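What follows is a single structure, written as structure tokens, with notes after it.
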Amino acid sequence: MRTKLPLRSRSAAALAAALAAVLLVLGGCGLQPAGSYVPPVAAGSIEPVPGLPDDASVTVTSKNFTEQLILGKMAVLASKAAGFQVTDLSNVPGSLPARELLRSGQADIMWEYTGTAWLTYLGYEQGIPDQQEQWQAVYDADQANGLTWGAPAELNNTYALAMSRDLAAELGVTSISDLAALPVEDLTFCVDAEFNSRQDGFNPMLALYGLDRGTVVPEQNVGIYDTGAVYGAVDQGECLVGEVFATDGRIDALDLLVLEDDRNFFPAYNAAPVIYTETLQKYPELEAVLEQVAERLDDETMRSLNLKVDVQGEEPEQVAYDWMVAEGLVSRVQ
């Protein structure tokens, strides 16, 4: 299972050590990219920027889990189609090291999640469930860090609850609120240890939905699993409802239904391209180039792309390329 960055917590010392180690490695090897191949690409709806200098260049970075690798390759392909020379620094191990490459100007473009920036980088204790408000908050705050957030995608990779699609239809469940009508003996949950113990995790979520733990949800109805095991546990009927990540490809692979968070408990984690502000001032067209990608990405689309890598074994760069060609954003080199 990949490291899931939203709502993950690590000690400050561990984060600092990881940041220092990764930057040392990258600096020592001259910022050489890892796995930087993408197929050759020609213009589609993303066309070369008029008047762009021949030596115009950008560097793209990403974190090292599947979704980030796909998004990073999309940024590489989009930038190439727009006429830029591109250095690919995707696949950086760790959230803070990738962020530091961008913040320091060693990278120009990175896809990031609004909730990750708000809670992990900017240090706020509570996320903002309203997606537009959360994006605006990080946009405003990151201006002081020399970073500009582009238009957000609908893609919202937050925590979610899911259950078997067939069973949900049988029980008439489409939202988290619907769970309150189920018999106590049927209302069982699989969650990972972190979500179970967080102050903004499982217990307050249950309370908001009137499913207080210990009464409506007895302790024996809650199973603690490794993060990656939750999906299989729901599929195998070990529990009725599991805690998942909203854009994980296994949701589609196992035909799970993501329940509507109808009381807006979960913070927003919309993905958006973030651009080093000095670079954007030099090449303002970059924002519109990347927006063409962002406006086509939602949870369902991202789950299908993640599925191709995590379940079907395709390479992230090929998945990104095939999708962008299919969407008409870029075209194949003839």
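Considering (1) out of contact with any Leu (no Cβ under 8 Å at 6 or more places or on another chain); (2) buried (at least 19 other Cβ atoms within 10 Å of the Cβ); (3) at pLDDT below 95, the lone condition that I251 does not fulfil carries the number (3). Taking the criterion of being of a type in the set (D, E, K, R) and part of a strand (DSSP E or B), the only residue of the range 165-212 that qualifies is D192.
For the range 253-334, which strands (runs of 3 or more DSSP E) that fit wholly inside it have 2 or more residues that are over 28 Å from T120 (Cβ atoms) and in contact (Cβ under 8 Å) with a residue 40 or more places away in the chain?
330-332
Scanning the range 217-233 for residues that are assigned to a helix (DSSP H, G or I) and surrounded by 13 or more Cβ atoms within 10 Å (Cβ to Cβ) yields N221, A229, V230, Y231, G232, A233. E125 satisfies every condition listed in (1) assigned by TED's automatic domain parsing to the domain that holds P97; (2) among the charged types (D, E, K, R); (3) closer than 21 Å to D235 by Cβ except (3). Counting only helices (runs of 4 or more DSSP H) that sit wholly inside the range 45-159, those with at least 1 residues that are surrounded by fewer than 17 Cβ atoms within 10 Å (Cβ to Cβ) are 131-142. Evaluation of E285 against the conditions (1) assigned by TED's automatic domain parsing to the domain that holds P50; (2) charged (D, E, K, R); (3) touching a helix residue (DSSP H, G or I) at 6+ places or on another chain (Cβ under 9 Å) shows that the sole unmet condition is (3). Comparison of E278, E314, E287 shows that the only residue that is surrounded by fewer than 20 Cβ atoms within 10 Å (Cβ to Cβ) and farther than 23 Å from E100 by Cα is E314. Pairs meeting the criteria (first residue in the range 104-133 and under 25 Å from V293 (Cα atoms) and of a type in the set (F, W, Y), second residue at pLDDT 95 or above and in a helix (DSSP H, G or I), beta carbons under 7 Å, at least 6 apart or on different chains) are W111/Q68; W111/L71; W111/G72; W111/A75; W118/Q134; W118/A137; W118/V138; Y121/R99.
Being out of contact with any strand residue (DSSP E or B) (no Cβ under 7 Å at 6 or more places or on another chain) and not assigned by TED's automatic domain parsing to the domain that holds F195 is the requirement here; does A229 meet it? So A229 fails the test.
The values are calculated or read from the model by the stated rules, or taken from the named source; none is laboratory data. Worth saying up front: this structure is predicted, and the values here are computed from it rather than measured. In this analysis, Cβ positions are derived from the backbone assuming ideal geometry, glycine residues included, and neighbour counts consider all displayed protein chains.
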